[in-house]
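Engineer: Please see the structure below; I have some questions.
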Amino acid sequence: MEAGHLDPDTQHEDLNGVIRQHAEWLAQQLYAQRESLFPPDASKVMRKFTSGEAATLLGVNDSYLRKLHLDGKGPSPEMSPGNRRIYSLTDIQELRVLLEKTARKTGDYLPGRREGDHLQIIGVMNFKGGSGKTTSSAHLAQRLALKGYRVLAIDLDPQASLTALHGVQPEIDLTDGGTLYDAIRYEDPVPIAQVIRKTYIPNLDLIPGNLELMEFEHETPRALAQGQAGLFFFRVKEALAQVDADYDVVVIDCPPQLGFLTMSALSAATGVLVTIHPEMLDVMSMSQFLRMTADLMDVIAESGADMSHDWMRYLLTRYEPSDAPQNRIVAFLRTMYGDKVLNAPQLKSTAISDAGLTKQTLYEVERSAFTRSTYDRAIESLNAVNDEIAELIQNTWGRGAS
Ligand SMILES: Nc1ncnc2c1ncn2[C@@H]1O[C@H](COP(=O)(O)OP(=O)(O)OP(=O)(O)O)[C@@H](O)[C@H]1O
Ligand SMILES: [Mg+2]
């Protein structure tokens, strides 16, 4: 009999063999699939934007953008086969800088930090698996980058979904380290700049993740026992301080556990986003999550650390407005937590999950790849969520929405 097959007559086959064989099959299948979708040397590129999309991102009329083009001001957009102007994100950023020069007030077009504004570090968390952390983190980080913020996205999850979504293949591209672990480990940490990489989106950098991050979970108790860990929960914060001036916003995608990595992200965060899929089982486990988080924060605060945050919000994810039980839970959460629940929910959409299958966010795919109404509904929901978060960021910098 082939290794790994369960023989119905002798249900005693050793489990190791079965599991090992299944792991092999899966790895081979995944490898083959990836080879066909993403050859090892493939690198992702960001699509171009129609003039209408560019105008909306910039917050100007399409006709004004056209006038700038006709007047020879700003970058020269590429012309499509249909003789339409199409803009790269680099073009859009150049336009932003140009428009800001004649803006009515500072920051109309460049929304990032100004003198005295502190770096925003947003931890996206919930220990419930599949609550939408990675999807929300990726769309938030990309939307902020598209809007002109300088963004650093950090994958703190050993499963590395955010990393894969950004075209970095943990098993191929990160064989020699390269995750945040290198910058927060107890022995010979490297400068954080060494693990930051550019992405195909001009304003977005990434610190990828992989299984090596688990080392931090293993080493911290050992370091604590030996009295070496110091304020271990500040290691992420301290590492980020090295590149504070380079970014406006950091978005951290946390693992689905309340371990040392998540605690360190929580201690670094200035804003906390808890993703909730509004279903009974998820909400029940959330009460546990909140209680444990509060206990842990107490422990950290006892050591004299400042655990104050600028804001904390719940984000409803994969919400289906036509689902009555979900609506009851949403109503219940909104009554209980009031304005701590973001107004805009992230809708469940096949456009979002389908884009995910090809390792893309909805901001990366072309509208023409989907039924228009499906795409529009999904992107409007994502924009509403992310722009509400951008407003929170602007508020902490003491100004209105931008
Ligand atoms: N709004 C949405 N509409 C449809 N599918 C979604 C949506 N958000 C997330 N999904 C899908 O749900 C699954 C789980 O989402 P995601 O990976 O973002 O959750 P997570 O909290 O990061 O999970 P984990 O705890 O494993 O890290 C993914 O397959 C994703 O494509
Ligand atoms: Mg995830």
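Values quoted throughout were computed directly from the atomic coordinates according to the rules given, and no laboratory measurement underlies them. Quick caveat, the model's predicted, so the values are computed rather than measured. In this analysis, Cβ positions are derived from the backbone assuming ideal geometry, glycine residues included, and neighbour counts consider all displayed protein chains.
Engineer: Is the shape of the range 309-402 best called rounded, prolate or oblate, per the rule: a/c under 1.5 gives rounded, else a/b larger than b/c gives prolate, else oblate, with a ≥ b ≥ c the square roots of the Cα gyration tensor eigenvalues?
Structural biologist: Oblate is the answer for the range 309-402, as a/c is 1.5 or above yet b/c matches or exceeds a/b.
Engineer: Where does helix 280-302 land angle-wise versus the long Cα axis of the chain, in degrees 0 to 90, nearest 10?
Structural biologist: 90
Engineer: Rounded to the nearest 20 debye, what is the charge dipole size of the range 49-101 about its Cα centre when +1 sits on each Lys and Arg Cβ and -1 on each Asp and Glu Cβ?
Structural biologist: Charge dipole of the range 49-101: 140 debye, to the nearest 20.
Engineer: Net charge near Asn395, counting Lys/Arg +1 and Asp/Glu -1 over other residues with Cβ under 15 Å of its Cβ?
Structural biologist: Net local charge, Asn395 excluded: -2.
Engineer: Counting alpha carbon pairs within less than 8 Å and at least 6 residues apart, what relative contact order, in whole percent, applies to the range 49-101?
Structural biologist: 38
Engineer: Translational diffusion coefficient, Stokes-Einstein: compute it for the chain using the Kirkwood radius over C-alpha pairs as Rh, at 25 °C and 0.890 mPa s, and state it as an integer in µm² s⁻¹.
Structural biologist: Roughly 107 µm²/s, to the nearest whole number.
Engineer: Given the DSSP H assignment, sum -39500 (n - 2.57) over each helix run of at least 4 residues in the chain and divide by its residue total; what's the result at 222 nm in deg cm²/dmol, nearest 500?
Structural biologist: -13500 deg cm²/dmol
Engineer: Now for a separate question. What is the ratio of the Cα radius of gyration of the range 211-268 to 2.2 N^0.38 Å, with N the residue count, to two decimals?
Structural biologist: In units of the 2.2 N^0.38 Å rule of thumb, it is 1.19.
Engineer: On to the next question. Just the Kirkwood number for the range 32-128, please: inverse of mean 1/r across all distinct Cα pairs, in Å, one decimal.
Structural biologist: 16.4
Engineer: For the chain, give the share of DSSP beta bridges that are antiparallel, in percent and rounded to the nearest 5; count only bridges with both residues there.
Structural biologist: 20
Engineer: Follow-up. Show the residues, 5+ positions off or on another chain, whose built amide H is closer than 5 Å to the amide H of Ile276.
Structural biologist: Sorted by chain and number, the residues that satisfy this are Leu315, Leu316, Thr317.
Engineer: Okay, next question. Just want to confirm a number: the relative contact order over the range 120-192, from Cα pairs under 8 angstrom separated by 6+ residues, in percent.
Structural biologist: Relative contact order for the range 120-192 comes out at 17 percent.
Engineer: Using only alpha carbon pairs under 8 Å that are at least six residues apart, calculate the relative contact order of the chain and give it in whole percent. Present the calculation step by step, with values, prior to reporting the outcome.
Structural biologist: Values: 612 pairs, mean separation 66.3, N = 402.
After rounding, I find 16 percent.
Engineer: Add +1 for every Lys or Arg and -1 for every Asp or Glu among the other residues with Cβ under 9 Å from the Cβ of Val365, and state the total.
Structural biologist: Once positives and negatives cancel, what remains is -1.
Engineer: What list of ³J(HN,Hα) values in whole Hz, one per residue of the range 373-382 in order, does the Karplus curve 6.51 cos²θ - 1.76 cosθ + 1.60 (θ = phi - 60°) give from phi, with Gly and Pro shown as x?
Structural biologist: My calculation for the range 373-382 gives 5, 5, 4, 4, 4, 5, 6, 5, 5, 5 Hz in order.
Engineer: Report the chymotrypsin sites (Phe, Trp or Tyr not before Pro) located in the range 181-286 that are in a DSSP loop and have at most 13 other Cβ atoms inside 10 Å of their Cβ, or state none. Don't skip to the answer; put the middle values down first.
Structural biologist: On the way: sites: Tyr181, Tyr186, Tyr200, Phe216, Phe232, Phe233, Phe234, Tyr247, Phe260; in loops: Tyr186, Tyr200, Tyr247.
Those that pass, being in a loop and sparsely packed, number zero.
Engineer: Now a separate question. List the residues whose amide H sits under 5 Å from the amide H of Val250, counting only those 5 or more places along or on another chain, with H placed 1.01 Å from N in the peptide plane.
Structural biologist: It is Gln120, Ile121, Ile122, Leu152, by chain and number.
Engineer: Can you work out the Karplus-derived ³J(HN,Hα) for every residue in the range 126-138? Use 6.51 cos²θ - 1.76 cosθ + 1.60 with θ = phi - 60°, whole Hz, and x for glycine or proline.
Structural biologist: 2, 7, 6, x, x, 7, x, 4, 5, 4, 5, 4, 5
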